[in-house]
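Since every read-out is calculated from the coordinates, none of them should be taken as a lab result. Because the structure is predicted, anything quoted here is derived from the model rather than measured. Cβ coordinates were reconstructed from backbone atoms using ideal geometry, including for glycine residues, and neighbour counts include every protein chain displayed.
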Amino acid sequence: MGGRPMSAGALGGSARRISAIARKEFIHLSRDWRMIVAALLMPLIQLTLFAYAISFDVRDLPTVVLDRDRTPESRAYLDSVTQSGFFRIRGGVENEAAIDRAFDRGEARVAIVIAPGFGDEIAAGRAGAVAVLIDGSEPNSAGIGRNYALALNQSFGARALASWAAARGADTAAVGTLEPRMRLWYNPEGRSATFLVPGLMVVVIMIVIIQQTAVTLVKERDQGTLEQLVVSPLKRGELIVGKVLPWALLGFADTVFITAAALAIFQVPLRGDITVLAVAMFLFVLASLSIGLVVSAIAPTPESANLMGLLFSFLPGFLLSGMAFPLSSIPKVLQWLSYGLPARYMVDVSRAVFLRGASWDVLAPDVAALAVFAVAGLTVATLLHRRRA
């Protein structure tokens, strides 16, 4: 048996009740203009950042050159490298040690080594010797860069040797080809986990700390427990430090667990100074906490704190830190914007320590930047909470 149809009066009463609830929710939303703005702007911001920041194109790979031949032929070869648009030559180096330093400091992703006698070999119609060293810590860029280098060398070699054959009336099929010796550094197997995990652990820590800190403190304010502490004899700085300390220790403990997982589960090599990683991670945790504190100071409700925390953590961490995509492949405006994000420096430190074996002499500027972010962020957060009180 079917149920009795609702009468017109019952339908009207239901509609009035639904309308009353909806009106109440609209009034509640209208009191939280920050959440409305965040909800409306979030899709636009996400679309813009994802469209501009996600790029699988690899161009302008920073490159250093060790030219041991220094002949017109070697200069012509380097001109073809520059004109290709795939590689951006940042300068010449004098020896292999300088190549090591350029790779360790992240100043170069590719090194081209031209052997002595390159010009003589080309002039004699034989293949010249070129070695191409590629930073393999980012497998996508390394693979594409390797293909670019192979195509470039084959094209240059074919043109040079065809010109030699034509000048002598020789058969072009009889001349050699330019085959570079390729070598991938840091991640020769091209494992994605080796590249992703050192950066992903940074972003995961940042998202967890910012979200939890922001939402928890706003909930405390809603429940009135934070105001009780504000009117206590505690100084504002003491209150902030007391609030931050447990989260800082918890965040640092998280980094220990994640680092252990990276080593034990994902088999990521740890080649550098672990003390640099530990100090940098602690400063990064403080910087992330300061962002969470700032969000909690300006967000009126837990819902808006959650949205704002997502805006300040996930999007910048994923798109502008270099965790998933090389920063050299995104627009210049976003590259400059990334310098204002602690995650950029922490991803650099993490990958350099895990994969490149870097230590204090290379990473001191990144660690110093994280210290500045931590101190400045906690200072701003303290001032905002003081003004709100």
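Along segment 343-350 the Karplus relation, 6.51 cos²θ - 1.76 cosθ + 1.60 evaluated at θ = phi - 60°, assigns HN-Hα couplings of 4, 4, 6, 5, 5, 4, 5, 4 Hz to successive residues, with x for each Gly and Pro.
Spin-label model, Thr275/Ser163: points 7 Å from Cα along the beta carbon direction are separated by 5.5 nm. Counted by Cβ distance under 15 Å from Met206, the other residues give a net charge of -1, where Lys and Arg count +1 and Asp and Glu count -1.
Computing FRET efficiency as 1/(1 + (r/R0)^6) for Ala151 and Leu196, where r is the C-beta to C-beta distance and R0 is 25 Å, gives about 0.40.
The mean sequence separation of alpha-carbon pairs under 8 Å and at least six residues apart, normalised by the residue count of segment 323-374, gives a relative contact order of 35 percent. Answer rounded, prolate or oblate for segment 255-344, using the Cα gyration tensor with square roots of eigenvalues a ≥ b ≥ c: rounded when a/c is under 1.5, else prolate when a/b is larger than b/c, else oblate. Here segment 255-344 falls in the oblate category. Per-residue 3J(HN,Hα) values for segment 318-331, derived from phi via the Karplus relation 6.51 cos²θ - 1.76 cosθ + 1.60 with θ = phi - 60°, read 7, 9, 10, 9, x, 5, 9, 9, x, 5, 5, 8, 9, x Hz in sequence order (x marks Gly and Pro).
Short-range pairs are left out: with C-alpha atoms under 8 Å and at least six residues apart, the relative contact order of segment 61-168 is 30 percent.
Placing +1 on each Lys and Arg Cβ and -1 on each Asp and Glu Cβ, with no other charges, gives segment 61-168 a dipole about its Cα centre of roughly 300 debye. If R0 is taken as 25 Å, the Cβ-Cβ distance between Leu250 and Leu384 corresponds to a FRET efficiency of 0.65. Amide H contacts of Trp185: Ile134, Asp135, Gly136, each under 5 Å away and 5 or more positions distant or on a separate chain (H built 1.01 Å from N in the peptide plane; Pro and chain starts excluded).
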